[in-house]
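See below for the structure under consideration.
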Amino acid sequence: MPQRVVQLATEVSGLATEKLQAIEDVADRTQMLAINARIQAAHAGDRGAAFAVVAEEVGDVARHVRELSSGLTEELTPRVEEIDALGRHLVEQVPGQRAADLALNAVELIDRNLYERSCDVRWWATDSAMVDACADPQDAVRAQHASRRLGVILAAYTVYVDLWVADRDGTVIAHGRPDRHPGVAGSSVADASWFQRAMATPDGDAYVVDDITRLPALADAPVATYATAVRAGGESRGEPIGALGIFFDWGPQAQGIVEGLRLSDEERERTRAMLVDADGLVLAASDGQGILEERFRIATDGRESGFYGERDRIVGFAHTPGYETYAGLGWYGVLVQRRKDVA
């Protein structure tokens with residue numbers, strides 16, 4: 001454990017200082033004994049000559065011991081300091097890199113999930129029921145058939161709030177949940193960004209996606225909107241005759257990702273996991289706070305992923321890598337982890 005490295009460095013430093021000081025004390029006492037012995041030898045005259053030689057040797061030993069002690073201190077101190085610095089670096093590096101890795105895991109999971117949504121919308125736009133309804137939007141029977149077909153899809157794909165088909169003028173002619181959202185049929189989406197951009201797509205391989213928004217017509221649910229044109233004959237190069245908009249049930253799906261990261265119980269208590277958009281708007285948070293209201297600024301310093309320390313916390317982040325043909329919307333996975341030694 002990095003914390004143990006720091007602890008050992010502190011213990012070694014304290015122990016070395018204590019023992020070296022004891023050696024210094026012994027050298028000082030030996031030196032004093034040598035001085036006293038020389039004084040006594042001088043008082044004894046010729047009879048103390050031999051004793052004076054011994055006293056001189058004792059003094060030399062004391063000086064040598066002090067030199068060894070000083071040399072050891074000079075050599076040991078920078079090494080202990082280096083161990084301490086390396087330990088403290090590891091204390092920051094290990095949890096920081098782990099936070100960055102988990103942040104990447106979160107944004108990768110949502111990217112893979114949303115990639116599937118981009119496939120769904122392009123596939124369902126070629127369904128004959130959608131094509132027939134848009135080909136003749138005044139035919140109520142075709143519209144009802146398209147609505148029933150959308151209901152069947154929703155029963156199998158429970159990650160959607162609703163699916164809408166609009167004619168070329170932007171009037172919703174069919175949707176999958178008329179019982180839950182009775183005001184949708186007949187409403188206009190002509191001014192909606194997703195409709196306008198879907199009608200402008202060049203072919204059936206193209207699609208558009210909006211950032212997370214709350215849709216009043218869907219009980220103000222936060223949704224990720226994917227759309228593409230419904231084309232004449234269901235052909236990829238056919239003329240746009242309407243648009244299909246699908247509304248991914250963002251809240252529970254995203255919450256499951258940020259709450260489901262592989263954290264220990266101890267880590268979970270001091271960690272906030274988030275998904276944020278390109279402008280820092282919180283799209284999902286493990287604590288359920290600030291969603292679509294709070295902005296969290298990440299100090300990326302131009303990095304795609306990484307971490308940085310602040311006074312009482314570590315922030316790990318990772319920019320969306322995209323998945324397959326889904327490039328992502330510039331989102332980030334973020335983990336904010338309170339330091340262990342901070343209450």
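Bear in mind these aren't lab numbers, they're just calculated from the coordinates by the rules spelled out. Fair warning: this is a prediction, and the values are worked out from it, not measured in the lab. No Cβ is skipped: glycine too gets one built from the backbone with ideal geometry, and neighbour counts run over all protein chains shown.
Across q = 0.09, 0.14, 0.17 Å⁻¹, region 125-250 modelled as identical point scatterers on its alpha-carbon atoms has Debye log10 I(q)/I(0) values of -0.20, -0.51, -0.77, in the order of the q list.
Taking the charge dipole of region 254-338 about its Cα centre, with +1 at Lys and Arg Cβ atoms and -1 at Asp and Glu Cβ atoms, the residue from LEU261, ALA273, PHE307 reaching farthest to the positive side is PHE307. Report the net charge of residues surrounding THR158, where surrounding means a beta-carbon distance below 14 angstrom and charges are Lys +1, Arg +1, Asp -1, Glu -1. Combined, the nearby Lys, Arg, Asp and Glu give -1.
Relative contact order of region 177-226: 30 percent, from C-alpha pairs under 8 Å at least 6 residues apart in sequence.
For region 266-318, what does the convex hull of the Cα positions come to per residue, in cubic angstrom? Display every interim value, and only then the final one.
Values: hull volume 4.7 nm³, N = 53.
It comes to 88 Å³ per residue, whole-number rounded.
Looking at region 260-343, which GluC sites (Glu not before Pro) are in a loop (DSSP not H, G, I, E or B) and have at most 10 other Cβ atoms within 10 Å?
Loop-located and lightly packed - GLU293, GLU310.
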